[in-house]
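I have placed the structure first, in the form of structure tokens, so that the comments after it can refer back to it.
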Amino acid sequence: MMIEEDVELQNKNLNTALSLAAAAGTVHDIAKIMVEKKRALLTIPGSQAMMPLYVVAVFGKSDMVIR
């Protein structure tokens, strides 16, 4: 079972799982669960100080954005 703090963990490049999911663009359901568990993930910068929404834009994964 994942606890709230687990979703904030960052790898050696400072990316959270949400940032990696945003770059991959193929794990919509998982990304949604992570954000529902910890909305603050949207404000944690990763590699090169990129926020997850910016990662989505850079990698052209606009379908990852929930409206």
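The values are calculated or read from the model by the stated rules, or taken from the named source; none is laboratory data. In this text the structure is predicted, and so the values were computed from the model without any measurement. A quick note on method: Cβ atoms are made from the backbone with ideal geometry, for glycine too, and the neighbour counts reach across all protein chains shown.
Consider the stretch 54-67 and keep the residues that are exposed (fewer than 14 other Cβ atoms within 10 Å of the Cβ) and under 22 Å from Glu4 (Cα atoms). The one that is modelled with the lowest pLDDT is Ile66.
Is one or more of the residues making up the stretch 19-26 loosely packed, with under 14 Cβ neighbours inside 10 Å and of a type outside the set (Lys, Arg)? Before the answer, list the steps.
Of all residues in the stretch 19-26, those loosely packed, with under 14 Cβ neighbours inside 10 Å come to 26.
Next, from what is left, pick out any that are of a type outside the set (Lys, Arg): 26.
Yes; the residues of the stretch 19-26 include at least one that is loosely packed, with under 14 Cβ neighbours inside 10 Å and of a type outside the set (Lys, Arg).
What number of residues within the stretch 9-38 satisfy the criterion of being touching a helix residue (DSSP H, G or I) at 6+ places or on another chain (Cβ under 7 Å) and either without any contact (Cβ under 8 Å) to a residue 24 or more places away in the chain or of a type outside the set (Lys, Arg) (or both)? Lay out the reasoning, then the answer.
Restricting attention to the stretch 9-38, the residues satisfying the condition of being touching a helix residue (DSSP H, G or I) at 6+ places or on another chain (Cβ under 7 Å) are 13-19, 21-23, 25, 27-28, 30-31, 34-35, 37-38.
Imposing the further condition that a residue be either without any contact (Cβ under 8 Å) to a residue 24 or more places away in the chain or of a type outside the set (Lys, Arg) (or both) reduces the set to 13-19, 21-23, 25, 27-28, 30-31, 34-35.
Selection size over the stretch 9-38: 17.
Checking each residue in the stretch 41-53 for being surrounded by 11 or more Cβ atoms within 10 Å (Cβ to Cβ), in a helix (DSSP H, G or I) and either among the aliphatic types (A, V, I, L, M) or in contact with a strand residue (DSSP E or B) (Cβ under 7 Å, 6 or more places away or on another chain) (or both) picks out Leu41, Leu42, Leu53.
Considering only the stretch 1-28, how many residues are farther than 18 Å from Phe59 by Cα, in a helix (DSSP H, G or I) and modelled with pLDDT under 90? Spell out the reasoning first.
Restricting attention to the stretch 1-28, the residues satisfying the condition of being farther than 18 Å from Phe59 by Cα are 1-12.
Imposing the further condition that a residue be in a helix (DSSP H, G or I) reduces the set to 4-8.
If we keep only those that are modelled with pLDDT under 90 as well, we get 4-7.
Residues that pass the stated criteria total 4.
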